[in-house]
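Have a look at the structure below before the remarks.
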Amino acid sequence: MDTARRHHHLHLAVLVAMATLMGHRSSIEVVLLQTQASDQWHTTRQKTSAFTKCKASWTCLSSDAREMEKAGRYAEIPEGNR
């Protein structure tokens, strides 16, 4: 093989190696972005779930207080705790 042809093959091998590395790097970046998006989704879902539970608890407590007041039990609660 002559020298020009060897240089051509060497350049081609370098370009293929660079393309392979860039492709690998791009795929890693995609995986990282997908992981970040998934983490954000789960964080949002947890916050929504916690808010819903808190809201449901508050509704139950408010309902219990109204029921206690209707039943005359409100008077049994010490003044400082009302």
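The values are calculated or read from the model by the stated rules, or taken from the named source; none is laboratory data. Keep in mind that this is a model prediction, so the values were computed, not measured. Glycine also receives a Cβ, built like all others from the backbone with ideal geometry; neighbour counts cover every protein chain displayed.
Answer yes or no: is there a residue in region 64-72 that is of a type in the set (A, V, I, L, M, F, W, C), assigned to a helix (DSSP H, G or I) and at pLDDT below 80. Taking every residue of region 64-72 in turn, at least one turns out to be of a type in the set (A, V, I, L, M, F, W, C), assigned to a helix (DSSP H, G or I) and at pLDDT below 80. List every residue pair whose Cβ atoms lie under 6 Å apart, where the two residues are 6 or more positions apart in sequence or sit on different chains, the first residue falls within region 4-21 and is assigned to a helix (DSSP H, G or I), and the second residue, located anywhere, is surrounded by 10 or more Cβ atoms within 10 Å (Cβ to Cβ). Listed pairs, sorted by first residue: none to list.
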